[in-house]
2 protein chains.
Amino acid sequence: MEPINIEFFGYFAAVLTTAAFLPQLVKTLKTKKAEDVSLVTLIMFICGVSSWIIYGYKISSAPILLANIITFILNLFILISKVYYSNNIRS
Amino acid sequence: MEPINIEFFGYFAAVLTTAAFLPQLVKTLKTKKAEDVSLVTLIMFICGVSSWIIYGYKISSAPILLANIITFILNLFILISKVYYSNNIRS
């Protein structure tokens, strides 16, 4: 039973920390601004998530691998939206 | 050599995805607002990070464990700051 319990926490964590960025993306697209969202945080986080992808692959952890690939994509879209709307305000 | 390489990516990822939330906290404390930061994202993310702590403990992964404990603390402070400043605007 132990391995099932471990995998459960991994997948539960993976789903939550991945899905968590969807409301941020939706909010940014709706309000058309992400002024209060730190650009440095987004860039550092995306770099970190890329490293988690490599780590998850190396230790053969499916939850880490899957979660971080989707987290990477969502945060990339948040970053693109933030930069896009920030440029629109200036012009 | 292989285990050293694996741990390197784990710790590098851990440092980046943890330290990433520091600029967000500093920005929120400086600007005294986090209107554009999604409350749902923060709550879901904190719940997810809690599950990663359990998962990291269960698979005995020091990078996952350490990173998520600090990430949890930083995001809790971002959440508290956001709610605090949001209430200050209203009153």
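What the table below lists for this structure:
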| quantity | calculated |
| --- | --- |
| Centroid-to-centroid separation of segment A:38-91 and segment B:7-41 [C-alpha atoms, Å] | 12 Å |
| For q = 0.11, 0.14, 0.23, 0.25 Å⁻¹, Debye-computed log10 I/I(0) when each Cα of segment A:1-88 counts as one equal scatterer | -0.35, -0.53, -1.06, -1.17 |
| Signed unit charges on C-beta, dipole axis of the protein assembly as shown, positive-most listed residue B:VAL37, B:LEU65, A:TRP52 | B:VAL37 |
| Inter-label distance, nm, simple model (7 Å from Cα along the C-beta direction), A:PHE77/A:ILE43 | 2.3 nm |
| Mean ellipticity per residue at 222 nm, deg cm²/dmol - from DSSP H runs of n ≥ 4 across chain B, formula -39500 (n - 2.57) | -29500 deg cm²/dmol |
| Cβ charges +1 (Lys, Arg) and -1 (Asp, Glu), total dipole of the protein assembly as shown, debye | 900 debye |
| Normalised per residue, the volume of the convex hull around the Cα set of the protein assembly as shown (Å³) | 107 Å³ |
| Cα-projected label distance for A:SER60 with A:LYS32, points at 7 Å along beta-carbon direction, nm | 5.1 nm |
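Only the coordinates and a few stated rules stand behind these numbers; no lab work does. Here the structure is a predicted model, which is why all the values come from computation and not from measurement. Glycine also receives a Cβ, built like all others from the backbone with ideal geometry; neighbour counts cover every protein chain displayed.
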